[in-house]
Structures are given as structure tokens and as C-alpha cells.
Amino acid sequence: MLINKGKHRRPSKAVRVATLAGVAGAAVAVPLMGASSASAASVATWDAVAQCESGGNWSINTGNNYYGGLQFSQSSWAAAGGTQYAPRADLATKSQQIAAAEKLLAIQGPGAWSCAGAGNLTSGGPAANVDTSSGSGTTKAAPQRKAETPAPQHKSTPAPAPQQQKSQPAPKSNPHGNYTVKSGDTLAKIAKAHGTNWKSVYANNKSVIGGNPNLIFPGQKLSI
């Protein structure tokens, strides 16, 4: 048959007729099959059948000549009027595929699907409430109001506490020194001006300068 995969069982007579008739002949064959408006199924039933047929993938096309969630063959899709929605079932919406499946159910009965038993598909169920307009979903639902997103609140960051400036140690003075350190002086500069080297100056004034020869302060008196 057109919808069932060949590996499952042989096609039914109704489907073989649709195959031989082709697209044009299939449309003529619909009233001859005894179509009934009472043949329908709920959306939940079609979902169960699709889950068995295609894993619930309504856009599937694996290249096996069966398309969409209910695995329509091309001739059965045309026979059920599906081409008014899309060239193939996998290109149609879920709602459009269900609408075509309702017509095929009226033509061939539940036996058109090998997964009819898995979905409890029968010919006398309630009609599916679907919207076949392009891009629509399966059922008509009231539009959901988008929740308003509250404006982001700016979290105030406390200002960092002011850091106290580290006090510099008072310069040590040497009452017996013969040179007073001025701003911008270095030991090397002082030593050069007095014809000696900074190591000698530092050695003679280590008690005044301290442990760092690079740190001297204006006002310190050095012995040169």
C-alpha cells in the first residue's frame, strides 16, 4: 500500500488502486471507495500513529519514498488531496498532514497504516480540530500574552574606603655632617660632586640613611 512500508506487509487493494490510477485517477477514485464523513480521529490519535510511523517527525524525508509524520507515499498524498497544501507530505504542516490523513482514512480505513493498532486508530473517532492554513500549528490555541520583563535594577556599588597614605619616616639627621641632602639628590650624585664614590658615602652615613642606600631624604646631613 502507499503508506505502509513494504517490509511490513503487502499493500492493500485500495492502495494499489490509487497507485495505478495515479494523481489524476486517484481524485476520481475517492467517491468510489465509499468515503464517509464519519471516518475521523483525534489529534492525539494521529500523534500516536505518527510516533510509531516516523518517531513523531512530521518533516521527515529519509529517501524511502514515504514522507512526513504519517509516512504518506506520493500517490496516497495526492489521492487524499494533500497536494493542495504541498507537493509532498513532509513539506506540509502537521495540521495539513492530519487533514489529508482524515480523507485517506475515509477512503481506505485504518488498514492504510501499519501503525494503526499502536495509535488505536479507528474509523469512527472524533474529527481532529486542525487549521490547515499555511504555517499553522495542529490545533487552534488562544494567543499567549507575553510576560512583561521587569526593568533591570542597578545595584549600587559602595565607594571604596579611602586609603590612608603611608607616612614616610622622618629623615634622620647627623649633626656632625658637612652636607645637607637636597631634593633630587642621590648618593651617586653627592659622591661625584665631592670626588668620591657612593659606597664610601653610604658606609660613612649608614646610621643616618638606614638599610636602603637608594632612599635618602631632603634635610639629612651626611658626612662626606
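Summary table
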{"item": "Count - residues of segment 68-90 that are surrounded by 21 or more Cβ atoms within 10 Å (Cβ to Cβ), at negative phi, within 35 Å of the chain's Cα centre (by Cα) and in a loop (DSSP other than H, G, I, E, B)", "result": "3"}
{"item": "When residues of segment 185-204 are limited to those that are outside any loop (DSSP other than H, G, I, E, B) and open to solvent by less than 50 Å² (accessible area, probe 1.4 Å), the one nearest to F217 (Cα to Cα)", "result": "L187"}
{"item": "Any pair with Cβ under 8 angstrom, 6 or more apart, that starts in segment 198-210 at a residue that is in contact (Cβ under 8 Å) with a residue 24 or more places away in the chain and ends at one that is assigned to a helix (DSSP H, G or I) and open to solvent by less than 70 Å² (accessible area, probe 1.4 Å)", "result": "I209/L187; I209/Y202"}
{"item": "Residue that is touching a residue at least 40 places away in the same chain (Cβ under 8 Å) and surrounded by fewer than 21 Cβ atoms within 10 Å (Cβ to Cβ), where the choices are T93, T132", "result": "T132"}
{"item": "Among (1) outside any helix (DSSP H, G or I); (2) more than 11 Å from V43 (Cβ to Cβ) - the single one N129 does not satisfy", "result": "(2)"}
{"item": "Selection within segment 52-66 - without any contact (Cβ under 8 Å) to a residue 24 or more places away in the chain and outside any loop (DSSP other than H, G, I, E, B)", "result": "S54"}
{"item": "Filtered residue count, segment 91-116, keeping only those that are outside any loop (DSSP other than H, G, I, E, B) and of a type in the set (S, T, N, Q)", "result": "4"}
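A quick yes/no check of all residues on (1) of a type in the set (D, E); (2) more than 32 Å from the chain's Cα centre (by Cα); (3) at pLDDT below 90; (4) farther than 22 Å from S73 by Cα:
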| site | (1), (2), (3), (4) |
| --- | --- |
| A106 | no, yes, no, no |
| N120 | no, yes, yes, no |
| G124 | no, yes, yes, yes |
| D131 | yes, no, yes, yes |
| P143 | no, no, yes, yes |
| S156 | no, yes, yes, yes |
| L187 | no, yes, yes, yes |
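The values are calculated or read from the model by the stated rules, or taken from the named source; none is laboratory data. All of these numbers come straight from a predicted model, not from anything done at the bench. For neighbour counting, all protein chains shown are included, and Cβ atoms are generated from backbone atoms with ideal geometry for every residue, glycine included. Heavy atoms of the whole protein, side chains included, go into the accessibility calculation; ligands, DNA and RNA do not. Shrake-Rupley method; radii C 1.70, N 1.55, O 1.52, S 1.80 Å.
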